[in-house]
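Okay, structure first, notes after.
The values are calculated or read from the model by the stated rules, or taken from the named source; none is laboratory data. As the structure is a computational prediction, the values presented were derived from the model and not from experiment. So basically every Cβ, Gly included, is an ideal-geometry build from the backbone, and we count neighbours across all protein chains shown.
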Amino acid sequence: MLNKSCIIEINIKLYSNKFIIQFENDIFKVFVTEIPEKNKVNKEIIKQFSKILKKPVKIISGYKSKKKKIKIDNSTLEEVKFAFKQVYQ
């Protein structure tokens, strides 16, 4: 079996009261609670995505940007969307 992975682009929205992931088509908006210093936002994203998806997650670009690309191992885009729908309905 081949090792599949999915790359998604996310747009970060800062200073939220609650961590939330919204998506429409293939655009993901991620509302984060951490402040944008000392890599806190990136750590929150990796922690929350990994927790929801139960799969390895890695930021592959946009480390210091509000637009990031995330690689999710062993997953397809459809599986990622399905997992987020289960949490954020």
**Residue count, region 44-75 (criterion: out of contact with any Lys or Arg (no Cβ under 9 Å at 6 or more places or on another chain) and among the hydroxyl-bearing types (S, T, Y))** = 3
**Request:** Among what's in region 58-75 and is surrounded by 14 or more Cβ atoms within 10 Å (Cβ to Cβ) and modelled with pLDDT under 95, pick the residue that is nearest to the chain's Cα centre (by Cα).
**Result:** S75
**Item:** Pick from region 1-28, criterion out of contact with any helix residue (DSSP H, G or I) (no Cβ under 9 Å at 6 or more places or on another chain) and exposed (fewer than 11 other Cβ atoms within 10 Å of the Cβ), ranking: farthest from Y63 (Cα to Cα)
**Value:** M1
**Evaluation of F84 against (1) in contact (Cβ under 8 Å) with a residue 60 or more places away in the chain; (2) more than 10 Å from the chain's Cα centre (by Cα); (3) not in a loop (DSSP other than H, G, I, E, B) (one fails), failing number** = (2)
**Request:** Could you please find all residues in region 29-45 being in contact with a helix residue (DSSP H, G or I) (Cβ under 9 Å, 6 or more places away or on another chain) and among the acidic types (D, E)?
**Result:** E34
**Request:** Pick out the one residue from E37, E78, E44 that is acidic (D, E) and within 11 Å of the chain's Cα centre (by Cα).
**Result:** E44
**Complete:** Cβ pairs under 8 Å, 6+ apart or interchain, first in region 1-16 and under 15 Å from K81 (Cα atoms), second among the acidic types (D, E) and modelled with pLDDT under 95, ordered by first then second residue, are S5/D73; C6/E79; I8/D26; E9/D26
**Prompt:** Right, E37: at pLDDT below 95, out of contact with any Asp or Glu (no Cβ under 6 Å at 6 or more places or on another chain) and loosely packed, with under 14 Cβ neighbours inside 10 Å or not?
**Reply:** yes
